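Accompanying notes for the structure given below.
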Amino acid sequence: MFGSYTRDELRRTYSEAWRKHVAASPLTPLEAMIADVIGLHPEYQPVIHDAEVALAFEPNAAPAAENPFLHMGLHMAVREQVSIDRPPGVRDLHRRLQGRYGDVHDAEHILMEALAQTLWEAQRAGRPPDEGHYLVLARDRL
């Protein structure tokens, strides 16, 4: 989805999508998804709203859990996975988590936590992420 974007290009894309959403301008499907994720996080909107603030944001200056770009990027990754059912079974798992927790946003957060842990473990071990392990971690929350 964003594979060739630089950090600054990605942040500009988020800011532009939010600017267009606030102005009620037409959005591309990707911009609409970005704006939806930003809309779920009013705490991040001041950073996103101003492109210069977004470009200058340094995650090391904030608590680890408060990197809006990492958080929203994980939302986007989970949404993409669910849309294409990759890894196989993630779409059904998302549906089941939504039923269990009663909310799409909460279901995404469960998958995001499992995805972040899986990515961290893979990076630490120097190996590709284990899709099966990712699904097991998320299923444990059912």
Seminar exercise, completed: Taking the alpha-carbon centre of each part, the distance from the range 71-102 to the range 1-50 in Å is 20 Å
Exercise. Put +1 on the Cβ of every Lys and Arg and -1 on every Asp and Glu Cβ in the range 40-142; which of His75, Ala138, Trp120 then has its Cα farthest towards the positive end of the dipole?
Worked result: Ala138
Exercise. For the range 2-80, what is Rg from Cα atoms divided by 2.2 N^0.38 Å, rounded to two decimals?
Worked result: 1.01
For this session: Please tell me the relative contact order of the range 61-125 in percent, rounded to the nearest whole number, where contacts are Cα pairs under 8 Å and at least six residues apart.
Result: 28 percent
Exercise. Looking only at the range 94-123, which residues have a backbone nitrogen under 15 Å from a spot 7 Å from the Cα of Glu80 in the C-beta direction?
Worked result: 112, 115-116, 119
Exercise. Put a dot 7 Å past each Cα toward the Cβ at Ser25 and Tyr5; how far apart are the dots in nm?
Worked result: 1.6 nm
Seminar exercise, completed: Sorting Trp120, Trp18 on solvent-accessible surface, 1.4 Å probe, most exposed first, gives Trp120, Trp18
Seminar exercise, completed: Per residue, accessible area of the range 18-108 with a 1.4 Å probe, heavy atoms of protein chains only, in Å², comes to 54 Å²
For this session: Return the tail of the calculated pair distribution for the range 40-99, meaning the percent of Cα-Cα pairs more than 14 Å apart.
Result: 64 percent
Seminar exercise, completed: Taking only the alpha-carbon positions of the chain as identical scatterers, the Debye log10 I(q)/I(0) at q = 0.15 Å⁻¹ comes out as -0.81
Seminar exercise, completed: Two pseudo-spin positions, 7 Å from Cα along C-beta at Ala56 and at Arg127, lie apart in nanometres by 4.4 nm
Problem set entry | Ser15 - accessible surface, heavy atoms, 1.4 Å probe, Å² rounded to 10 | 10 Å²
For this session: Give me the percent of the accessible area of the chain that comes from carbon and sulfur atoms, probe 1.4 Å, all protein chains in place.
Result: 55 percent
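The values are calculated or read from the model by the stated rules, or taken from the named source; none is laboratory data. Owing to the predicted nature of the structure, the values given are computational and were not obtained by experimental measurement. Note: ideal-geometry Cβ built from the backbone for every residue, glycine included; neighbour counts use all protein chains shown. Just the protein is used for accessible areas: all its heavy atoms, side chains included, with ligands, DNA and RNA removed. Shrake-Rupley method; radii C 1.70, N 1.55, O 1.52, S 1.80 Å.
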